[in-house]
Amino acid sequence: MEEGEIIDLLLIQIKDFMSEQPNLHCKEDDISFSLEGIYVYCIQYKDIILQGECNIKLLIPKKYPIEAPTLFLKEVPSKMEHIYTDGSCCLASFGEIYHFLLNNPSLKEFVERFVDSFIFSLEWFKKYGNYPFGERKHGFEGLLDYYLTDWGLTEKQYWDMVIMVFNDTYRGHANCLCGSNKKMRDCHGKYILPIIKDEVFKNRFLNEACYIYEGRKR
Ligand SMILES: [Zn+2]
């Protein structure tokens, strides 16, 4: 698809999304669309329904779904962990978002999966002082948890993968670092290879590893 067509498709999705969100305004620059204003939500998790409004800024890259949107909130409780130093929300680990985006989800699907669940956590945190999704921890632990759970790695194996990405030593025919005795390409290569092949993804994966590493030291 041509770049222009991708942007046109994205614009249709944004208009569709905004038709249900009359208090959001769209700004545009060279690389992204920015939806800013009051987001009205009605989120259901198990048998709990949360309804409300939230002042947001959702930055959607024009390359979506190749690149992931970023969420900023105007008001965040000071003790909430899930916020990066640039003020953006930590929606999920890079690997989790990346693998979700591989299936070309619509903007709506992305919002439901990551933005809504973040807001749900936030509202829950404001009310109860803890997090609703116990299975996924928060902050750096949650980021690491994804690789331990969904990729099925030990922490040491995760760091081995990070070092491999950093040193560019991926070899498809080598034994996988996870100890499965399969070749890399038939095993964790499906996760690692797309990350190695793209300079942006590679940097994000490594930045995330630095963040996890810093968090681990504390
Ligand atoms: Zn493996």
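The values are calculated or read from the model by the stated rules, or taken from the named source; none is laboratory data. Since this is a predicted model, take the numbers as computed values, not measurements. As a convention, Cβ positions derive from the backbone with ideal geometry for all residues, glycine included, and neighbour counts pool all protein chains shown. For the accessible areas, the whole protein counts, side chains as well, though only heavy atoms, and no ligand, DNA or RNA atoms are used. Shrake-Rupley method; radii C 1.70, N 1.55, O 1.52, S 1.80 Å.
Rolling a 1.4 Å probe across the protein heavy atoms gives the range 139-217 an accessible surface of 54 Å² per residue. Classification of the range 139-217 by its C-alpha gyration tensor yields an oblate form. The axis ratio a/c (a ≥ b ≥ c) is 1.5 or more, and b/c is at least a/b. Each Lys or Arg adds one and each Asp or Glu subtracts one; over the other residues with Cβ under 13 Å from the Cβ of Asn103, this totals -1. A simple packing score, the average count of other Cβ atoms within 10 Å per residue, orders the peptides 18-24, 75-81 as 18-24, 75-81, with the highest score first. Within the shell of other residues whose beta carbon sits under 11 angstrom from the beta carbon of Arg204, the net charge comes to -3, with Lys and Arg scored +1 and Asp and Glu -1. Evaluated with a Cβ-only charge set (Lys, Arg +1; Asp, Glu -1), the range 139-217 carries a dipole of roughly 320 debye about its Cα centre, given to the nearest 20. Rounded to the nearest 20, the Cβ-based charge dipole of the range 1-159 about its Cα centre (Lys and Arg +1, Asp and Glu -1) stands at 540 debye. Look at the dipole of the chain built from charges on Cβ: of Phe72, Tyr213, Asn181, the Cα furthest out on the positive end belongs to Asn181. Normalised by residue number, the volume inside the convex hull of the Cα atoms of the range 3-128 is 114 Å³ per residue. Computed over protein heavy atoms with a 1.4 Å probe, the carbon and sulfur contribution to the accessible area of the range 32-105 reaches 49%. For the range 47-62, backbone phi angles converted through the Karplus equation (6.51, -1.76, 1.60; θ = phi - 60°) give residue-by-residue couplings of 9, 9, 10, 10, 10, x, 10, 8, 8, 10, 9, 10, 8, 10, x, 5 Hz, Gly and Pro being listed as x.
Hydropathy at least 0.0 by Kyte-Doolittle, axial extent at least 20 angstrom from the Cα trace: which helices of the chain, defined as entire DSSP H runs, fit? The answer, listed by residue number, is 3-19. Per-residue ellipticity at 222 nm, computed for the chain from helices alone with -39500 (n - 2.57) per DSSP H run of at least four residues, works out to -13500 deg cm²/dmol. Here the range 109-131 and the range 139-218 have alpha carbon centers that stand 27 Å from each other.
Ranking Leu35, Pro22, Val162 by how far each Cα lies toward the positive end of the dipole of the chain (charges on Cβ) leaves Val162 at the top. The overall shape of the chain, judged from the alpha-carbon gyration tensor, is oblate: a/c is not under 1.5, and a/b is no greater than b/c. Phi angles of the range 176-188 translate, via the Karplus equation with coefficients 6.51, -1.76, 1.60 and θ = phi - 60°, into HN-Hα couplings of 5, 5, 7, x, 7, 6, 8, 6, 3, 5, 8, 10, 6 Hz per residue; Gly and Pro are given as x. Only Cα pairs under 8 Å and 6+ residues apart enter the sum, and on that basis the relative contact order of the range 1-160 stands at 16 percent.
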